[in-house]
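All remarks here apply to the structure that follows.
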Amino acid sequence: MFNKKTIRDVDVTNKKVLVRVDFNVPLKEDGVGDDTRIRAALPTITYLLEHHAAVILCSHLGRPKGGPDEKYSLKPVAAHLAGLLGMKVNFVSDCIGAEAEAAAKILKPGEVLVLENTRFHAEEEKNDMGMARQLASLADLFVNDAFGTAHRAHASTEGVTHFLPGVAGFLLEKEIRYLGQTVADPQRPFVAIMGGAKISDKIGVIRNLLKKADSILIGGGMANTFFKAQGLEMADSLVEGESLTLAEELLREAAGKIHLPVDMVIADKFDAEAAVKIIKAGNVPEGWRVLDIGPETVKAYANVIHGAGTVVWNGPMGVFEFPNFAKGTYGIAGAVAESKAISVIGGGESVAAIQQSGLADKITHISTGGGASLEMLEGLELPGVAALQDR
Ligand code: AMP
């Protein structure tokens, strides 16, 4: 259950509201590249403006080394936001200190102020209470709407709640509803699709989903490790030697829930132009490697997906960056898009894959967070969420 207060549960009128957003967007020479994350924060920002709050936005961007770095300035993001909102957006070149305090002080209800990158202070990632106190001093209320960083206890996500009441924004609420509640209380059958490079990255997720899901469909590089654990020869395929025992254990525990590919697309090198063959799942010939699931696997998995009540997907089925090895991922994307199930795509590379497939609008919820969405799927409570007020 989502048991945290949201901006709907508190009075924001005439308040100064500090909102932690996820404006960690790609920049290009003349401004913002992909603005998905900025758009995702608009419902919270416009709600606050309509309810006469003075809105102070803070975020990190990129990985500056704990000091100011023009390359990672939020200034172009503030300009882009002004365009999206159709209004003036103020900007101040530090997130704490005298200048920020003065800018926050004169901000009126219905106005917006963007603070400079929180990671221009090394204290941010150390969850330093001095920095958190300074940030908190700018406002009367804190709103966390930065799902992508909610799995990190930083000064602007967790620390600040020690000095200000904190509630959730609409994006955070939505992410938790879909990634948390859908998994905790799924419509059945509940089908999980897991892919990507490695098992070891996603072991917590697989274990949690094994408890909850009715079937887990495995693809991507991680399928190789499961095959190898069953004694098959994987030749030059990506295999995690150190995860073989784990893969064996999971297969034993899964009691038939884990589905593995029935055929595979193999290549003679890791290259977009490699020679390609489709073989039945089994020993991979010497000098070859598995780079995608095969067409029979797509059919078999699509059948399972077709009857699902809930589908959660994380990780591509193959090296979808190369068109010759993207058919498995796109085939599964098509099956998920067609199904009547509640469908949730859990962040990271899978989001890029679904967007490239052109089927994104057929998905119930596409997460804006990578690491945070994985931690949610693991069933963990995120520190940035735990710190907010209970309803
Ligand atoms: P992840 O971030 O763990 O979801 O992994 C995504 C990456 O896994 C993508 O960049 C894919 O290219 C890669 N991947 C998927 N299938 C395979 C495979 N069979 N062999 C090697 N890499 C793969």
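Readers should treat all values here as calculations from the given coordinates under stated rules, not as data from a laboratory. Predicted model only: the values in this text are computed from it and were never measured. Heads up, the Cβs are rebuilt from the backbone with ideal geometry, glycines too, and the neighbour counts pull from every protein chain shown.
Just checking the listed ones, 28, 269, 202: in the Gaussian network model of the chain with Cα springs under 10 Å, the one fluctuating most is 28. Taking 235, 102, 122 in turn, the Gaussian network model of the chain (Cα-Cα springs below 10 Å) assigns the largest fluctuation to 102.
Please work out the Cα center distance from the stretch 56-106 to the stretch 144-207, rounded to the nearest Å. Between the Cα centres of the stretch 56-106 and the stretch 144-207 lies a distance of 26 Å. Counting lysine pairs in the stretch 142-283 whose alpha carbons fall under 16 angstrom apart, excluding pairs fewer than 8 residues apart on the same chain, gives 7.
Within the listed set 349, 240, 286, the residue fluctuating most in the Gaussian network model of the chain (springs between alpha-carbon atoms under 10 angstrom) is 286. Projecting the Cα atoms of 45, 313, 376 onto the charge dipole of the chain, computed from C-beta unit charges around the Cα centre, puts 45 farthest toward the positive end. Taking the DSSP beta bridges with both ends in the chain, the antiparallel portion is around 25 percent.
Pairs of Cα atoms nearer than 8 Å and 6+ residues apart set the relative contact order; for the chain it is 17 percent. Ranked for footprinting exposure by Cβ neighbours inside 10 Å, fewest first, 277, 211 give 211, 277.
Backbone phi angles across the stretch 232-247, fed through the Karplus curve with coefficients 6.51, -1.76 and 1.60 (θ = phi - 60°), yield HN-Hα couplings of 7, 7, 10, 6, 8, 5, 5, 10, 9, x, 6, 10, 5, 5, 4, 4 Hz in residue order; Gly and Pro are listed as x. The calculated FRET efficiency for residue 181 paired with residue 361, based on their beta-carbon distance and R0 = 30 Å, is about 0.85.
Based on the Stokes-Einstein relation at 37 °C and a viscosity of 0.692 mPa s, and on the Kirkwood radius from alpha carbon pairs, the chain is assigned a translational diffusion coefficient of 148 µm²/s. Helices in the chain, meaning DSSP H runs of at least 4 residues, each add -39500 (n - 2.57). Divided by all residues, the mean residue ellipticity at 222 nm is -9000 deg cm²/dmol.
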